[in-house]
Amino acid sequence: MSARLPSGGLIDRTRTLRFTFDGRSHEGFAGDTLAAALLADGVRLVGRSFKYHRPRGVLTAGPEEPNALVELRAGARREPNTRATMAELYDGLEARSQNRWPSLRFDLLSVNGLFSPLLGAGFYYKTFMWPAKFWEKVYEPAIRRAAGLGSLSTEPDPDHYEKATAFCDLLVVGSGPAGLMAALVAARSGARVILAEQDFLFGGRCLSERIAIGDGSAHRWAQSVVAELASMPDVRLLPRTTVVATYDHGAYTAVERVNDHVAVPPAFEPRQRLWRIVAKRTVLAAGALERPLVFGDNDLPGVMLASAVSTYINRYAVKPGRRAVVFADNDHAWSTVADLRAAGAEIVALVDPRPDARNRAVGVARDAPLLTGVVRRALGGRGLQGVEVEGADGRVQRIDCDLLAVSGGWTPTLHLTSHLGARPRWDAARSMFLPDRLPPGMLVAGAASGGLHTAAALATGFRAAEDSLRSLGITPRGDTPPVAGEEADAWTPLWRAPSSRGKHFIDFQNDVTTADLELAHREGFGASEHAKRYTTLGMATDQGKTSALNGLATLASLTGKTIGEVGTTTYRPPYTPVAIGALAGHHRGPDFRPTRLTPSHEWAREQGAVFIESGAWLRAQYFPQAGETDWLPPVIREVQAVRSAVGLCDVSTLGKIELKGPDALEFIERLYANGWQTLAVGRARYGVMLREDGRVMDDGTVARLGEQHWFMTTTTANAVAVYQHMQHCHQVLWPELDVQFTSVTEQWAQFAVAGPHSRGLLQRVLAPGEDISNEAFPYMGARAVTLADGLRGRLFRLSFSGELAYEIAVPSRHGDAVIRRLAAAGQDLGVVPYGLEALGVMRIEKGHVAGNELTGRTSAQQLGLGRMLSTKKDYIGARLARLPALDDPADTQLVGLKPIDCKTRLVSGAHFLPIGSPTTFEHEQGYVTSVAYSPSLGHWIALGLLKNGRQRHGERLRAVDLLRGQETEVVICDPVFIDPQGDRLRG
Amino acid sequence: MRIHCPHCGPRGHDEFVHHGDAALRRPPADAPDAAFHDYVYLRDNPAGPYRELWFHAAGCHSWLVVERDTRTHEIRSVTFARGDA
């Protein structure tokens, strides 16, 4: 049966929208929320409660809704725990109720209600204690099935989300009378304004209450203000946008639901947008939330906040009931009496506990059957059928009704004032928490500041904007605020009706009752933060928006304190739930972070390279040829080609830093642990850099290209950290040094040309006059060169592979052309591209340390680099590197190792244990850091860190990997497996 | 947080890297071991105004001395670290 009124409301009756709820078809209008459309179609039961599976209906008309949580959409777009009061209706919307089985009307788990004595506060902690291992396997899964909210889609989200940043002079949060007034004053004064409104319509209470502003309705006033704001270039209107968090220095986070009101976002549009708003000033005009009253079975469908009743009537033209009782402790609810009567509902009773209410009642309320007393209990099964009222004279009567509008007064929405840690203060006179210490730059206006009627909202909004503008040096322009109609707002809080049968719910979403708080208090958890954890009061998606104050009032009466002394729990962001997708934005999957491509990437792709992430870089891992289905065969082939012919590898990812200046040498001396005084122009040297704590930070080569011109490389992984460290050294530690440096990692493409034929290959691509013979350009040479086509580059005779090898550098934009030229020129020499795997195999064969050994916890001495530490100079780490602990034989040292059985594969991460010892931590003597199959030796080899390892070459040990269940007998050896004299690289 | 870089202007704190106490001075080479130990390992943890180093990593690469109240995040001054003594 339709509850839609024949006229009125802010809905578009020419646009009928079809939707389903639990598979059943319904119709609504454009402008409806899902909750409004369900109520219009006579649907009152919309969900089952969290713990007791009690039937629940729509309680509110806003973001504070604790009951009407539904799953929206289907398949990959399914979204659980959506508030039906916030879900904007669209054609084709699919919604399902939650937490019921097999159906909403007949929920088998509602028997939980019968066991409620067992399920009281803290029941998790008491009932399921034993046996302990049952928790994970039995109890928790069972509880999660029985007590829960909606279920997630497990498919990837097909929509995308984006992030945006905006700056403004004034951010206005909320678009009720206060917010609109503030935005209008600021905009007319020429300020840059952002107005954020969580609803899809601007206006706040102007949309849902029949109040007057100026010489017309508040709604007409709101429309004209929004139209004026929309016409101004420096105003950004953000509807469907909730400001969810306050951060330092005027930074706010807001979520804009760009396309939550359509089935599928249009192409190239995000579903949601996460805003970072940086505001010089902020006016918080977030309004206030009405509180339910606490009485027996106050959760029955048909019990609704008075303000929500007015909203459904005035905004959505929906009559939520035909026979209504209004139960309120304040005059404001009288407007709901008037709204109900205007909608044609019968007012069966206005129940008011205040003895003086009768004398002051005006208008419709005066004519209403006013009953001084309280509602003790709501009556009914799946929906409200009547109320039990106790009069001031003690007489109890039953009144039949299908709607109970309740109002326990108002709670200002202060969350954004408290996110930086400030606690609100209790105003006993007004019975509300009000902001105390505000975040810098923020002012509060309207109901959020405690002024509940429209005139106060307009005045405080006006003043807050003026004060904000003046503090920015902007002269406020604008008239005085318009006049608002009179409103009754007297209020004497009724924190709790006399006890009666039935459950007295405080927190509807978490099924927390007065009895639970009494239990928590009895058991020593009566402080507000304790009670919250013990009973779950104020948790989950609504975060106590309707329950917090009633809970604190109950705790106050139990402990004999005032509500102010009990104090609120901590407000933390976000104000309302935020989808993880919105926080992630575009940063997901391969776009999680930027991908850096090497200059030879396209060429490598054409060669069939398999790529691997190396930091932010994508590097060629190996280059499989036809028939090579596994990774090992191409790696073996690539290593053998380098050791017997020549190979090409892109090493542009190494950090490259160019230094110039008269003090560049001194700077490098202080930066590195080894000495540089003797390095001649045209030569390069390996260097080790320590942290000030004496451990190795990074390694690389430094070339001297001119008397005051140096070029250094860092490892790929540490490029950013080393550059930052150098800037620290230069700007903070030694600003007196005359040196300039900059990162040129992106500017140079650098390729290793390695193998016995490398010199021959290079000669073919260099200009004819370039002499790179061993005599003219020996090992560790470094100089500028000209390529055959006149391109200028640099050549370094460096070898990571242990072979005769060079690194040639050219400006990045020529990298692709040069790698192609090298590959083409070396065809008859057997040139192959080689990847990161082959590079790693060859460095392990040569015993070079890399990331697996440079962990930030190893010392130069441990790594066999102790002789490099200069004793003739001061440098970063010089002092603490000399501490005996960094060269303690009892600590680990770099070793090589081989399996005793040549066919056995080694695994990195395996721990060294003596043969015959128990496999326990006390016998652990170190671990394997890097492993490789050595094509040159024909078996697996590895590097490791072993206690006193340098003295133990030849010793047999076990390498035990308990994670992979592998144990191998190994023999310890020197870490250099190939060409220990270095004849090849000097040849 | 917003940090007013004297070179780039006000920027979000995610452009910066935090480094800690700006009062630390690297001991001279002939200082005793204990001085280096303190320099590397010992840090104050004040509740209140604190002068600390930040690096404008996603900006001008300046090292800055930021005077920040650790209780409120109020920033009282930002200056270049170069020449700060």
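The values are calculated or read from the model by the stated rules, or taken from the named source; none is laboratory data. All of these numbers come straight from a predicted model, not from anything done at the bench. FYI the Cβ positions are ideal-geometry reconstructions off the backbone, even for glycines, and counts take in every protein chain you see. Note: accessible area is taken over every heavy atom of the protein model, side chains too, but ligands, DNA and RNA are not part of it. Shrake-Rupley method; radii C 1.70, N 1.55, O 1.52, S 1.80 Å.
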- Give the whole-number value, in cubic angstrom per residue, of the convex hull volume spanned by the C-alpha atoms of segment A:498-618. 169
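For a 21 Å ceiling on Cα separation, which of these pairs sit above it: A:656/A:872; A:898/A:947; A:51/A:532; A:280/A:545?
Working: A:656/A:872 27 Å; A:898/A:947 17 Å; A:51/A:532 16 Å; A:280/A:545 28 Å.
Table pairs above 21 Å Cα-Cα are A:656/A:872; A:280/A:545.
Students sometimes get this wrong: rank A:2, A:600 by accessible area, probe 1.4 Å, all chains present, largest first. Don't skip to the answer; put the middle values down first.
Values: A:2 80, A:600 5 Å².
Solvent-accessible surface, decreasing: A:2, A:600.
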- So what J values fall out for segment A:832-841 if you push phi through Karplus, 6.51 cos²θ - 1.76 cosθ + 1.60 with θ = phi - 60°, rounded to Hz, Gly and Pro as x? 10, x, 10, x, 4, 5, 4, 4, x, 4
- Approximate spin-label separation residue B:58-residue B:82, in nm, with each point projected 7 Å along Cα-to-Cβ: 2.4
- Task: Please express the Cα-Cα pair-distance distribution P(r) of segment A:904-987 as a list of whole percents, one per 10 Å bin, running from 0 to the bin with the greatest distance.
- Result: 17, 49, 25, 8, 2
- Quick one: in segment A:255-296, what % of C-alpha pairs are over 11 Å apart? 78
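Please give the average number of partner chain Cβ atoms lying within 10 Å of the Cβ of each residue in A:865-878, rounded to a whole number. Don't skip to the answer; put the middle values down first.
Working: counts 0, 0, 0, 0, 0, 0, 0, 0, 1, 5, 1, 1, 2, 2.
The shielding value for this peptide is 1.
From the helices alone, meaning DSSP H stretches of at least four residues, give me the mean residue ellipticity at 222 nm for chain A, per-run term -39500 (n - 2.57), in deg cm²/dmol to the nearest 500.
Details: 25 runs with 205 residues, N = 987.
It lands at -5500 deg cm²/dmol.
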- Message: Expected output is a single nm value to one decimal: the length gained when fully extending between residue A:950 and residue A:529, i.e. 0.36 nm times separation in residues minus the C-alpha distance. What is it?
- Response: 145.7 nm
- Nearest-10 value in Å² for the accessible area of residue A:891, using the 1.4 Å probe: 50
- Message: Students often forget the sequence filter, so: which aspartates and glutamates lie under 12 Å Cα-Cα from residue A:846 once same-chain residues fewer than 8 apart are removed?
- Response: A:803, A:974, A:979
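Write down the Kirkwood hydrodynamic radius of segment A:20-63, to one decimal in angstroms, obtained as one divided by the mean of 1/r over all alpha carbon pairs.
On the way: mean 1/r = 0.0872 Å⁻¹.
Here the Kirkwood hydrodynamic radius works out to 11.5 Å.
Using r as the Cβ-Cβ distance of residue A:937 and residue B:8, and R0 as 45 Å, what FRET efficiency do you calculate, to the nearest 0.05?
Details: r = 55 Å, r/R0 = 1.22.
Efficiency computed from Cβ-Cβ geometry: 0.25.
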- Message: Students sometimes get this wrong: rank A:492, A:568 by accessible area, probe 1.4 Å, all chains present, largest first.
- Response: A:492, A:568
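What full-extension length gain, to one decimal in nm, is calculated for residue A:774 and residue A:963 as 0.36 nm per residue of separation minus the Cα-Cα distance? Provide the component values of the computation, followed by the final result.
On the way: separation 189, 0.36 × 189 = 68.04 nm, distance 4.93 nm.
Difference between extended and current length: 63.1 nm.
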- Message: Show me the ranking of peptides A:393-402, A:832-841, B:25-34, A:970-979 by mean Cβ neighbours inside 10 Å, starting with the highest.
- Response: A:832-841, A:970-979, A:393-402, B:25-34
- Message: Just to be sure I understand: of the beta bridges DSSP finds with both ends in chain A, what percent are antiparallel, rounded to 5?
- Response: 75
- Query: So what's the Cα pair-distance distribution over segment A:302-420, bin width 5 Å, in %?
  - Reply: 2, 12, 23, 22, 19, 10, 5, 4, 2, 0, 0
- Task: Give me D for segment A:1-111 in µm² s⁻¹, whole number, from Stokes-Einstein with Rh from the Kirkwood sum over alpha-carbon pairs, 10 °C and 1.306 mPa s.
- Result: 112
- Note on the structure: Output field shielding_mean for B:55-62 (other chain Cβ, 10 Å radius) holds 2
- Task: Evaluate E = 1/(1 + (r/R0)^6) for residue B:30 and residue A:974, where r is the Cβ-Cβ distance and R0 equals 56 Å; express this FRET efficiency to the nearest 0.05.
- Result: 0.90
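Against the empirical 2.2 N^0.38 Å scaling, what ratio does the C-alpha Rg of segment A:189-284 come to? Walk me through the numbers on the way to the answer.
Values: Rg = 15.1 Å, N = 96, 2.2 N^0.38 = 12.5 Å.
For segment A:189-284, the normalised Cα radius of gyration comes out at 1.22.
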- Item | Loss of accessible area when B meets A, both sides summed, Å² nearest 100, probe 1.4 Å | 2300
- Taking placed amide H atoms and a strict 5 Å upper bound, the residues 5 or more places from residue A:294 or on another chain that come that close are A:497
- Long-range amide H partners of residue A:41 with built H, under 5 Å: A:3
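Where Lys and Arg each count +1 and Asp and Glu each count -1, what net charge lies around residue A:766 among other residues with Cβ under 15 Å from its Cβ? Intermediate results must be reported in sequence, preceding the final value.
Working: positive: A:759, A:764, A:783, A:792, A:794, A:797, A:821; negative: A:770, A:771, A:789, A:807.
That sum, taken over residues with Cβ under 15 Å, equals +3.
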- Message: Going by Cα centres, segment A:53-77 and segment A:873-913 are how many Å apart?
- Response: 60
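Give the calculated FRET efficiency between residue A:917 and residue A:91 to the nearest 0.05, with a Förster radius of 51 Å applied to their Cβ-Cβ distance.
Working: r = 73 Å, r/R0 = 1.43.
It comes to 0.10.
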- Message: Along the Cα→Cβ direction, 7 angstrom out, place labels at residue B:42 and residue B:21. What is the inter-label distance in nm?
- Response: 0.8
- Query: Using a probe of 1.4 angstrom, how much of the accessible area of the protein assembly as shown is carbon and sulfur, in percent?
  - Reply: 53
- Residue separation between residue A:74 and residue A:612 times 0.36 nm, minus their alpha-carbon distance, gives in nm 190.1 nm
- Task: Please calculate how many Å² of accessible area the protein assembly as shown carries per residue, with a 1.4 Å probe and no DNA, RNA or ligand atoms counted.
- Result: 41
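Using only alpha-carbon positions, what ratio does the radius of gyration of the protein assembly as shown give when scaled by 2.2 N^0.38 Å? Don't skip to the end; give the middle numbers.
Values: Rg = 36.9 Å, N = 1072, 2.2 N^0.38 = 31.2 Å.
Working it through for the protein assembly as shown, the quotient is 1.18.
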- Note on the structure: Check: C-alpha center segment A:501-533 vs C-alpha center segment A:759-785, spacing in Å is 83
- Item | Drop in accessible area of at least 40 Å² in the complex versus isolated chain, residues of segment B:18-44, 1.4 Å probe | B:26, B:29, B:33, B:36, B:40
- Query: Using a basic spin-label model with each label point 7 Å from the Cα along Cα→Cβ, how many nm lie between residue A:883 and residue A:686?
  - Reply: 2.7
- Query: Ranked by accessible surface with a 1.4 Å probe, highest first, in what order do B:72, A:536 come?
  - Reply: B:72, A:536
- P(r) of segment A:655-743 over all Cα-Cα pairs, binned every 5 Å from zero, in whole percent: 3, 15, 28, 29, 19, 6, 0
